[in-house]
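Visitor: Provided herewith is a single structure, encoded as structure tokens, for subsequent inquiry.
The values are calculated or read from the model by the stated rules, or taken from the named source; none is laboratory data. No experiment lies behind these values; they were computed from the predicted model shown. So basically every Cβ, Gly included, is an ideal-geometry build from the backbone, and we count neighbours across all protein chains shown.
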There are 2 protein chains.
Amino acid sequence: MTMNLLYAQAGGMTAVINASAAGVLAEARAQGPRIRAVLAARYGILGVLAESLHDCGGIDLDALAATPGGIFGSCRFNMPPEAEQPALYDRLFAVLDAHRIDALLYNGGNGSLEIVAKVSAAARRRGHPLICIGIPKTIDNDIEGCDCCPGYGSAAKYLASSMYEVCRDLASMSSRKGRIFVMETMGRNVGWLAAATALAARETDEAPHMVLVPEMPFDEQAILARAETLLSRLGYCAITVAEGIRRADGSPLMTRSHGDGHIRFGGAGGEIARLLSETFDCHRHCAAPDYLQRSAAHWVSAVDHAQALAVGRAAVRYALEGRDGIVAAIRRLDDEPYRWDISPVEAAAVANLERRLPPSFITADGMQVSEAGRRYLAPLIAGERAVPCSGGLPVHYRGKPPRLERRLPPYTGWAEDIVRTAQRN
Amino acid sequence: MTMNLLYAQAGGMTAVINASAAGVLAEARAQGPRIRAVLAARYGILGVLAESLHDCGGIDLDALAATPGGIFGSCRFNMPPEAEQPALYDRLFAVLDAHRIDALLYNGGNGSLEIVAKVSAAARRRGHPLICIGIPKTIDNDIEGCDCCPGYGSAAKYLASSMYEVCRDLASMSSRKGRIFVMETMGRNVGWLAAATALAARETDEAPHMVLVPEMPFDEQAILARAETLLSRLGYCAITVAEGIRRADGSPLMTRSHGDGHIRFGGAGGEIARLLSETFDCHRHCAAPDYLQRSAAHWVSAVDHAQALAVGRAAVRYALEGRDGIVAAIRRLDDEPYRWDISPVEAAAVANLERRLPPSFITADGMQVSEAGRRYLAPLIAGERAVPCSGGLPVHYRGKPPRLERRLPPYTGWAEDIVRTAQRN
């Protein structure tokens with residue numbers, strides 16, 4: 001048997017999703033004649049629908065694996081259920097058939113794994129032989145069934161290192177008034193990214209002095225009391241604030257709607273900084289790394305990078321083994337020394353869930369990461385990779401993989417305006 | 001002749017100010033018996049007044065040179081003129097004499113170099129043999145008489161690399177609505193840090209697509225027109241916004257007063273992002289690296305680090321040569337290949353000025369960095385340094401240099417409450 005694979009990237013980007021792409025391509029090359037071709041869709045599932053496909057031959061995999069963002073482009077489009085839009089699925093399979101695709105490898109987070117489950121189910125219903133496999137990816141670390149998610153360890157390392165470095169700066173400044181520093185992390189409804197910054201506190205009184213996560217409603221009075229103690233003892237107080245922190249009634253502290261039904265977070269860190277600086281009449285600084293935390297390929301976790309490669313390689317092997325509807329999940333075998341492997345989990349069983357920080361990872365006061373949490377987190381940020389540079393900047397893969405000629409007429413029908421975005425260069 | 005040196009750090013921290021400290025200590029050790037001792041003041045000039053002094057023997061200089069922040073602590077205290085507060089100067093010289101200090105090496109920015117000039121003048125007026133030397137430092141790059149300032153190149157490299165990485169991420173995301181990304185940089189009234197991000201744009205259409213600096217009043221209509229073009233061509237637009245950007249009438253876009261007479265910047269990036277996203281109904285993201293940009297020792301410019309070391313070493317040699325009232329400035333000899341040396345400039349001639357981006361470094365439309373600017377900037381971010389790590393985080397110098405016993409009674413008098421902060425650990 002020889003297979004044609006179609007790889008696609010979806011959801012928010014990470015510093016290592018291209019390492020998963022490199023893993024797919026490396027394993028495909030290593031498999032020799034068992035894999036005939038690897039194509040990649042432009043902008044995820046939209047590119048499949050639009051028949052915007054790349055030929056992946058000739059890509060420099062080392063350069064690719066060191067490049068942040070997703071070189072094939074990503075989307076946040078979710079396939080509606082087949083029962084609602086059967087023609088959309090007809091189109092999907094028509095494109096797959098036109099290019100003789102045997103397996104779709106979809107690299108994304110919770111929403112993308114739902115697409116894996118849906119497309120797999122649609123294929124079974126149609127008696128279509130397509131194999132559909134999920135490659136996990138998210139800086140949020142919130143995919144059920146995965147001990148950790150590729151992309152998370154690198155963002156975690158970046159944030160923990162940044163907090164560690166800023167702590168040196170904070171400790172340097174004399175100030176009668178005191179100084180509040182807040183770093184706001186991404187993560188939407190989950191606190192994994194914020195929690196990782198706790199690794200920066202390795203000695204007494206090291207930052208962050210509090211870590212506020214959405215899983216625990218924040219207690220303004222407790223935060224103020226803790227800050228007051230630190231300001232009087234150290235002259236400064238450093239706090240990590242997850243963008244999605246919630247009040248006691250469960251409502252997020254800061255969101256803005258965007259008219260498209262999606263809630264966007266942002267600003268919670270600034271709010272906490274303002275509250276503290278106005279209460280204590282002290283200086284405030286608030287860092288919001290925003291996209292920097294998910295694209296900092298100059299400072300990836302070597303463990304995370306290796307896992308991103310490994311899930312890509314595993315997905316190719318699963319395809320060859322005909323294992324449909326599964327996700328190449330990372331499984332933890334031991335904390336210390338850290339050992340892990342890749343193990344398949346059912347896409348349908350984990351899709352669109354949201355794995356939150358377990359209560360055991362948060363201290364009883366709700367404002368710090370517990371020892372159990374630190375034990376979980378520590379191995380994920382370990383190790384550094386050499387970064388090829390030129391002119392003082394990292395070297396990224398900048399090639400443009402060739403587009404395949406279309407074999408079908410353009411897509412028309414439901415959501416054609418959205419699908420059309422994947423035809424853009 | 002054999003000398004005792006007193007070193008101190010002042011002003012905002014940088015990723016490489018400790019490299020200058022390491023340069024001072026390395027040169028002092030290399031000079032053998034010509035230097036008897038190097039002391040360091042806790043929290044800058046406040047530590048001199050408070051007689052909070054460290055013994056610098058036995059510090060691991062390699063670890064020190066890799067550590068952000070200032071291990072001896074810093075302050076923003078400015079000495080009033082001697083005519084106003086003669087007793088403060090009496091105290092200063094009493095402490096220097098009690099510890100037989102022959103030379104004060106003051107490592108700071110514009111305000112700190114003014115202290116160098118004032119203390120030097122006070123010594124001359126008193127017929128005191130003290131030698132006073134400035135070691136430049138600022139991420140803002142705004143010291144007159146210096147081609148560049150230690151600390152700037154590393155912050156510049158961090159910001160340019162971050163913009164370069166985020167550009168990969170932005171280019172990955174499909175979006176019908178379009179996407180605005182803004183990164184706000186520090187720099188107060190000057191645009192040097194913002195300008196450095198232009199180095200990330202090495203090919204057509206690479207981010208940043210606009211660089212807004214305080215030296216050019218921003219033109220809202222021109223910004224909107226440029227953004228509209230980019231949104232329609234690329235689907236995204238990335239902008240660097242200096243925190244101190246100004247309206248046509250010269251007023252800063254965003255400031256907040258803090259009741260202490262000092263203006264604090266912050267929020268200009270968010271404002272520009274909001275303006276654009278509301279005008280074009282598109283997604284917006286705004287990164288504010290804040291302190292991260294000045295403490296990112298994991299990603300310093302090797303050139304900047306070498307210069308920080310070199311100005312520290314030069315200051316010791318100047319002290320031995322008896323050159324009072326001068327600053328160890330970096331001089332550019334050639335752009336390409338970049339060559340530089342250290343050359344003394346008069347502290348009194350450059351103190352408390354503010355070097356702005358020259359008009360020739362900004363394009364005619366006021367929204368980008370010119371070729372001349374790029375030629376100036378490029379060599380300053382060049383080169384990387386290996387970062388010793390442990391457990392996934394950088395290794396920093398964490399020793400506590402011993403305090404010297406006080407030989408004088410505590411300071412009392414004008415500003416004694418401020419001086420007392422330097423007695424804190």
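Visitor: Which condition does A:VAL48 not pass, out of (1) surrounded by fewer than 22 Cβ atoms within 10 Å (Cβ to Cβ); (2) more than 12 Å from every other protein chain (Cβ to nearest Cβ), if it passes all the others?
Guide: Against the list (1) surrounded by fewer than 22 Cβ atoms within 10 Å (Cβ to Cβ); (2) more than 12 Å from every other protein chain (Cβ to nearest Cβ), A:VAL48 comes up short only on (1).
Visitor: When the residues of the range B:367-387 are filtered to those that are more than 10 Å from chain A (Cβ to nearest Cβ) and not in a helix (DSSP H, G or I), which remaining residue is nearest to A:PRO394 (Cα to Cα)?
Guide: B:ARG385
Visitor: Considering only residues that are without any contact (Cβ under 8 Å) to a residue 60 or more places away in the chain, away from chain A (no Cβ under 12 Å) and under 19 Å from the mean Cα position of the chain (by Cα), which ones fall in the range B:172-213?
Guide: Once the filter is applied, which keeps residues that are without any contact (Cβ under 8 Å) to a residue 60 or more places away in the chain, away from chain A (no Cβ under 12 Å) and under 19 Å from the mean Cα position of the chain (by Cα), the range B:172-213 yields B:GLY187, B:ALA194.
Visitor: Which one of these is in contact with a helix residue (DSSP H, G or I) (Cβ under 9 Å, 6 or more places away or on another chain), within 14 Å of chain A (Cβ to nearest Cβ), over 24 Å from B:SER154 (Cα atoms) and not aromatic (Phe, Trp, Tyr): B:ARG29, B:ARG42?
Guide: Answer to the selection: B:ARG42.
Visitor: Restricting to the range B:214-242, name every residue that is farther than 16 Å from B:GLN368 by Cα and at pLDDT 95 or above.
Guide: If the condition is that a residue be farther than 16 Å from B:GLN368 by Cα and at pLDDT 95 or above, then B:GLU228, B:LEU231, B:TYR236 are the ones that fit.
Visitor: A further question on this structure: Those residues that are in a helix (DSSP H, G or I) and over 29 Å from the mean Cα position of the chain (by Cα), I need them from the range A:275-297; list them, please.
Guide: Result: A:LEU275, A:LEU276, A:SER277, A:GLU278, A:THR279, A:PHE280.
Visitor: Starting from the range B:408-425, keep only residues that are within 15 Å of B:ASP90 (Cβ to Cβ) and in the same structural domain as B:HIS54 (by TED's automatic domain parsing), then list their pairs with residues that are modelled with pLDDT of 95 or more and in a loop (DSSP other than H, G, I, E, B) whose Cβ atoms are within a distance under 7 Å, requiring at least 6 positions of separation or different chains.
Guide: B:LEU408/B:GLU51; B:TRP414/B:GLN85; B:VAL419/B:TYR411
Visitor: Here's a follow-up. Looking at A:ALA315, A:ALA351, A:ALA329, which is the one that is of a type in the set (Gly, Ala, Ser), within 21 Å of the chain's Cα centre (by Cα) and at pLDDT below 95?
Guide: Result: A:ALA351 is the single residue among A:ALA315, A:ALA351, A:ALA329 that is of a type in the set (Gly, Ala, Ser), within 21 Å of the chain's Cα centre (by Cα) and at pLDDT below 95.
Visitor: Cβ contacts < 6 Å: first residue assigned to a helix (DSSP H, G or I), restricted to the range A:155-170; second residue of a type in the set (Phe, Trp, Tyr), any location; separation 6+ or different chain. Result?
Guide: A:TYR158/A:TRP299; A:VAL166/B:TYR291; A:ASP169/B:TYR291; A:LEU170/A:PHE181; A:LEU170/A:TYR236
Visitor: Would you check which residues across the range B:343-366 are in contact (Cβ under 8 Å) with a residue 40 or more places away in the chain, surrounded by fewer than 18 Cβ atoms within 10 Å (Cβ to Cβ) and in a helix (DSSP H, G or I) and list them?
Guide: Result: B:ALA348, B:ALA349, B:PRO359.
Visitor: Can you tell me which residue is farthest from A:ARG375 (Cα to Cα) among those in the range B:389-401 that are in a loop (DSSP other than H, G, I, E, B) and modelled with pLDDT of 95 or more?
Guide: B:TYR397
Visitor: Given A:VAL24, A:VAL38, which one is in contact (Cβ under 8 Å) with a residue 24 or more places away in the chain, more than 19 Å from A:HIS396 (Cα to Cα), crowded, with 24+ Cβ neighbours inside 10 Å and over 15 Å from the mean Cα position of the chain (by Cα)?
Guide: Testing whether each residue is in contact (Cβ under 8 Å) with a residue 24 or more places away in the chain, more than 19 Å from A:HIS396 (Cα to Cα), crowded, with 24+ Cβ neighbours inside 10 Å and over 15 Å from the mean Cα position of the chain (by Cα) leaves just A:VAL38.
Visitor: In the range B:214-229, how many are free of Cβ contacts under 8 Å to residues at least 12 places away in the same chain and closer than 22 Å to B:TYR164 by Cβ?
Guide: Counting residues in the range B:214-229 that are free of Cβ contacts under 8 Å to residues at least 12 places away in the same chain and closer than 22 Å to B:TYR164 by Cβ gives 1.
Visitor: Looking only at the range A:391-417, which residues are facing another protein chain (nearest Cβ under 9 Å) and either touching a strand residue (DSSP E or B) at 6+ places or on another chain (Cβ under 9 Å) or surrounded by fewer than 16 Cβ atoms within 10 Å (Cβ to Cβ) (or both)?
Guide: If the condition is that a residue be facing another protein chain (nearest Cβ under 9 Å) and either touching a strand residue (DSSP E or B) at 6+ places or on another chain (Cβ under 9 Å) or surrounded by fewer than 16 Cβ atoms within 10 Å (Cβ to Cβ) (or both), then A:GLY391, A:ARG398, A:ASP417 are the ones that fit.
Visitor: Now for a separate question. Would you point out which residue out of A:GLU278, A:GLU321, A:GLU228, A:GLU220 is over 28 Å from B:ILE180 (Cα atoms), out of contact with any strand residue (DSSP E or B) (no Cβ under 7 Å at 6 or more places or on another chain) and not assigned by TED's automatic domain parsing to the domain that holds A:GLY187?
Guide: From the options A:GLU278, A:GLU321, A:GLU228, A:GLU220, the qualifying one is A:GLU321.
Visitor: The conditions are (1) surrounded by fewer than 23 Cβ atoms within 10 Å (Cβ to Cβ); (2) of a type in the set (D, E, K, R); (3) over 30 Å from A:LEU46 (Cα atoms), and B:GLU243 fails exactly one of them. Which is it?
Guide: (1)
Visitor: Assuming A:ALA386 fulfils every condition listed in (1) among the aliphatic types (A, V, I, L, M); (2) within 29 Å of A:LEU212 (Cβ to Cβ); (3) under 23 Å from the mean Cα position of the chain (by Cα) apart from one, which condition is it?
Guide: (2)
Visitor: Suppose we filter the range B:60-78 for residues that are surrounded by fewer than 20 Cβ atoms within 10 Å (Cβ to Cβ) and aliphatic (A, V, I, L, M); how many remain?
Guide: Qualifying residue count, the range B:60-78: 2.
Visitor: Among the numbered criteria (1) closer than 18 Å to A:LEU104 by Cβ; (2) among the acidic types (Asp, Glu); (3) out of contact with any helix residue (DSSP H, G or I) (no Cβ under 7 Å at 6 or more places or on another chain), which single criterion is violated by A:ASP334?
Guide: With (1) closer than 18 Å to A:LEU104 by Cβ; (2) among the acidic types (Asp, Glu); (3) out of contact with any helix residue (DSSP H, G or I) (no Cβ under 7 Å at 6 or more places or on another chain) applied to A:ASP334, the lone miss is (1).
Visitor: Moving to a separate point now. So for the range B:9-20 (the condition being more than 14 Å from every other protein chain (Cβ to nearest Cβ) and either touching a residue at least 60 places away in the same chain (Cβ under 8 Å) or of a type outside the set (A, V, I, L, M, F, W, C) (or both)), does at least one residue qualify?
Guide: No - not one qualifying residue is present in the range B:9-20.
Visitor: Which residue, of B:ILE143, B:ILE135, is at negative phi, part of a loop (DSSP other than H, G, I, E, B), more than 10 Å from chain A (Cβ to nearest Cβ) and within 14 Å of the chain's Cα centre (by Cα)?
Guide: On inspection, the qualifying residue turns out to be B:ILE143.
Visitor: Being crowded, with 24+ Cβ neighbours inside 10 Å and of a type outside the set (Val, Ile, Thr) is the filter here, so list the residues in the range A:7-21 that pass it.
Guide: The first filter runs over the range A:7-21 and keeps only residues crowded, with 24+ Cβ neighbours inside 10 Å, leaving A:7-11, A:13-21.
Residues satisfying the conditions are A:TYR7, A:ALA8, A:GLN9, A:ALA10, A:GLY11, A:MET13, A:ALA15, A:ASN18, A:ALA19, A:SER20, A:ALA21.
Visitor: When you scan the range A:307-323, do you find a residue that is outside any helix (DSSP H, G or I) and within 22 Å of A:GLY70 (Cα to Cα), even just one?
Guide: No, there is no match, as no residue in the range A:307-323 is outside any helix (DSSP H, G or I) and within 22 Å of A:GLY70 (Cα to Cα).
Visitor: Taking A:VAL387, is it of a type in the set (Val, Ile, Thr), surrounded by 16 or more Cβ atoms within 10 Å (Cβ to Cβ) and farther than 30 Å from A:HIS99 by Cα?
Guide: Answer is yes for this residue.
Visitor: Out of everything in the range B:281-294 that is more than 7 Å from chain A (Cβ to nearest Cβ) and touching a helix residue (DSSP H, G or I) at 6+ places or on another chain (Cβ under 6 Å), what residue ends up being modelled with the highest pLDDT?
Guide: That would be B:GLN293.
Visitor: If you don't mind, there's one more thing I want to ask. Sort out for me the helices (runs of 4 or more DSSP H) sitting completely within the range A:1-117 that have 3 or more residues that are farther than 20 Å from A:GLU321 by Cα and of a type outside the set (A, V, I, L, M, F, W, C).
Guide: Of the helices (runs of 4 or more DSSP H) lying wholly inside the range A:1-117, those with at least 3 residues that are farther than 20 Å from A:GLU321 by Cα and of a type outside the set (A, V, I, L, M, F, W, C) span A:86-98.
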